[in-house]
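So the structure is just underneath, and the comments pick up after that.
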Amino acid sequence: MELFNTLTGKIEPLYASDGKALRFYCCGPTVYDYGHIGNFRTFLHVDVLRRSARLFGMKLHHVMNITDVDDKIIRNASAAGQSIGDYSAKFEKAFFEDMDALGVERPEDVPRATENINEMAALIERLAAEDIAYKAEDGSWYFRIARDSEYGKLSKKDFEGIEDGARVSVDEYDKDAARDFALWKATKPGETSWQTALGQGRPGWHIECSAMAMKYLGNSFDLHAGGEDLMFPHHENEIAQSECATHQPFARHWFHVRFLLVEGKKMSKSEGNFYTLRDLLLKGYRASAIRFLLLSVPYRHQLNFTFDGLTESTNAVDRLRTFHTRVRDGKWPERASNGAAIAEVIRTGEEKFLAALGNDLNTAEARAAIFDVLRAVNTAADHGNFTSSNAEATLALLAKFDSIFAVLEDRDADLTRAALAWAKAEGRLDEADPQVIEKFGEAGLSDADIDALVAERTQAKRQRNFARADAIRNDLLAKGILLEDSKDGVRWKRA
Ligand code: AMP
Ligand code: ZN
């Protein structure tokens, strides 16, 4: 499996350098609000990286931090009259609910910043011992960039013209050089702070990731991930702090996910094109379709998220599910005149699928390979050219596909219902589409209700009470539930 490395600018093999597990770190969320689809694009591609590494035979040690102290959290918590702990706990919980809804696997370790303050202080002390960290008059600590000859190697920014070491006084900052960055921030009385050997204060943001990555993964580890905005200054500063403290290389491979556009524009609240996952669920879009769309374009390319795209993605997931059910439940003959030809199509489809993932996680080609197989198998099956062993091979391929894309299992209605329950509890039900409330809300039917009505209809038909059977079908249709009669019985799905 090969992956682009931002640090070297090359596509390079991905491997576990200790021969045991792929040790990787992903910058996690700042839990001050609900996650938006841009955040989730990044976490979903890291999920695909994780799942692909496993498919290629690697064991995983994946760490993601929770940033549960920062300016925005402190500001919002105080506006809400809450402690930062209570405030951030709510959004951390919501974040994991959303990640679960999107089928994102949990990393092996998820440390919180506030639970690793001592590790951060110790790291800053190591830098201070070499005079790479220094204390400013106000009690804050800064990193002396002039001491790091490799500074800029990740982002490849040109720092020429910025005079190293020259004393620059910049507004409120009291540091030796304008670009020196904060490791530890002195706090005013009443602000959230910790007492450490550095004095009273709270950590700067960058130091948390260095401290937690090295605590869980060791000084040198395999890969570090995050959205493209983090490359500079956050990741550049992580490298500087870590490597100057340990004199060892920090992460070997750097993985950055490109930002998305929404309807062709940068997503922003002022543009009115800013969406959280919950916004979309309340509009009636399915979690599976959102996952599939956010993964449809490879991570290094810009994705333009559109509502047309979301509708197409919904149809694509439906096609895959219908296909999976057909292959699984169909009665296929043991022999067919052309079974060998379709066996070959399935085999090359699998090869292409794996090659696409192995080639810098090309999710678009991986997905296309599966749709090629879908079309060929459907045609073969329509013409009686599909055998039970072809079906087995197809199901095995679909299982591999789903170990990465994770959209075949249908949890969508339950997830929409959970979003409605959340909106109700928060007094935000007015943000939900009225049709969604009608279909899934309290007035809506649960899966068990539908199963019961379908059984009642079957019974009515058996008793030749066609009026009752038709009435049930029409009622269900009005609520967006489609019935499909097949020789194996009745299947239903939500439109
Ligand atoms: P934050 O909670 O703001 O620290 O962001 C969490 C993750 O989401 C980071 O890896 C960010 O780089 C990433 N991220 C933020 N906005 C976007 C976006 N519009 N598109 C893709 N990733 C993003
Ligand atoms: Zn980070």
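Values for this structure:
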{"quantity": "Residue within the range 98-110 that is touching an Asp or Glu at 6+ places or on another chain (Cβ under 6 Å), away from ligand 1 (no atom under 15 Å from the Cβ) and assigned to a strand (DSSP E or B) present", "calculated": "no"}
{"quantity": "Where Ala289 falls short, out of the listed (1) surrounded by fewer than 23 Cβ atoms within 10 Å (Cβ to Cβ); (2) in contact with a strand residue (DSSP E or B) (Cβ under 9 Å, 6 or more places away or on another chain); (3) among the small types (Gly, Ala, Ser)", "calculated": "(2)"}
{"quantity": "Total residues in the range 175-227, condition out of contact with any Phe, Trp or Tyr (no Cβ under 9 Å at 6 or more places or on another chain) and among the charged types (D, E, K, R)", "calculated": "4"}
{"quantity": "Boolean, Asp100 is within 16 Å of ligand 2 (Cβ to nearest atom), surrounded by fewer than 22 Cβ atoms within 10 Å (Cβ to Cβ) and not aliphatic (A, V, I, L, M)", "calculated": "no"}
{"quantity": "Pairs with Cβ under 8 Å, 6+ apart, first in the range 329-348 and in the same structural domain as Thr379 (by TED's automatic domain parsing), second open to solvent by 50 Å² or more (accessible area, probe 1.4 Å) and not in a loop (DSSP other than H, G, I, E, B)", "calculated": "Glu334/Ser389; Gly339/Ser389; Ala343/Ser389; Val345/Asp372"}
{"quantity": "Condition check for Tyr25: out of contact with any strand residue (DSSP E or B) (no Cβ under 8 Å at 6 or more places or on another chain), modelled with pLDDT of 95 or more and within 16 Å of ligand 2 (Cβ to nearest atom)", "calculated": "no"}
{"quantity": "Extreme residue, surrounded by the most Cβ atoms within 10 Å (Cβ to Cβ), among residues of the range 31-52 that are near ligand 1 (Cβ under 8 Å from one of its atoms) and among the polar types (S, T, N, Q)", "calculated": "Thr42"}
{"quantity": "All strands (runs of 3 or more DSSP E) inside the range 132-228 with 2 or more residues being within 16 Å of ligand 1 (Cβ to nearest atom) and either modelled with pLDDT of 95 or more or of a type in the set (A, V, I, L, M) (or both)", "calculated": "221-227"}
{"quantity": "Filtered residue count, the range 290-315, keeping only those that are more than 16 Å from the chain's Cα centre (by Cα) and aromatic (Phe, Trp, Tyr)", "calculated": "1"}
{"quantity": "First in the range 14-36 and closer than 15 Å to Ser52 by Cβ and hydrophobic (A, V, I, L, M, F, W, C), second anywhere and near ligand 1 (Cβ under 7 Å from one of its atoms) and at pLDDT 95 or above, Cβ under 7 Å, 6 or more apart", "calculated": "Cys26/Gly226"}
{"quantity": "Complete set of residues in the range 229-270 that are under 24 Å from Gly35 (Cβ atoms), open to solvent by 30 Å² or more (accessible area, probe 1.4 Å) and in a strand (DSSP E or B)", "calculated": "Leu261, Lys265, Lys266"}
{"quantity": "Pair list, Cβ under 6 Å, 6 or more apart: the range 449-461 residue at negative phi and in the same structural domain as Lys439 (by TED's automatic domain parsing), other residue modelled with pLDDT of 90 or more and β-branched (Val, Ile, Thr)", "calculated": "Leu453/Ile472; Arg457/Ile472"}
{"quantity": "Residue ID - most open to solvent (accessible area, probe 1.4 Å), chosen from residues in the range 297-331 that are assigned to a loop (DSSP other than H, G, I, E, B) and touching a Leu at 6+ places or on another chain (Cβ under 7 Å)", "calculated": "Gln302"}
{"quantity": "Residue match in the range 303-313 (condition: touching a Phe, Trp or Tyr at 6+ places or on another chain (Cβ under 7 Å) and in contact (Cβ under 8 Å) with a residue 24 or more places away in the chain)", "calculated": "yes"}
{"quantity": "Residue tally, condition loosely packed, with under 13 Cβ neighbours inside 10 Å and either in contact with a Lys or Arg (Cβ under 6 Å, 6 or more places away or on another chain) or polar (S, T, N, Q) (or both), over the range 460-484", "calculated": "4"}
{"quantity": "Positions within the range 229-266 being within 16 Å of ligand 1 (Cβ to nearest atom) and on the phi > 0 side of the Ramachandran plot, in sequence order", "calculated": "Glu263, Gly264"}
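The values are calculated or read from the model by the stated rules, or taken from the named source; none is laboratory data. Since the structure is predicted, the reported quantities are computational estimates derived from the model, not experimental observations. Neighbour counts are summed over all protein chains in view; Cβ atoms, including those assigned to glycine, are modelled from backbone coordinates with ideal geometry. The protein model used for the area step is the full one, side chains on, heavy atoms only, and it has no ligands, DNA or RNA in it. Shrake-Rupley method; radii C 1.70, N 1.55, O 1.52, S 1.80 Å.
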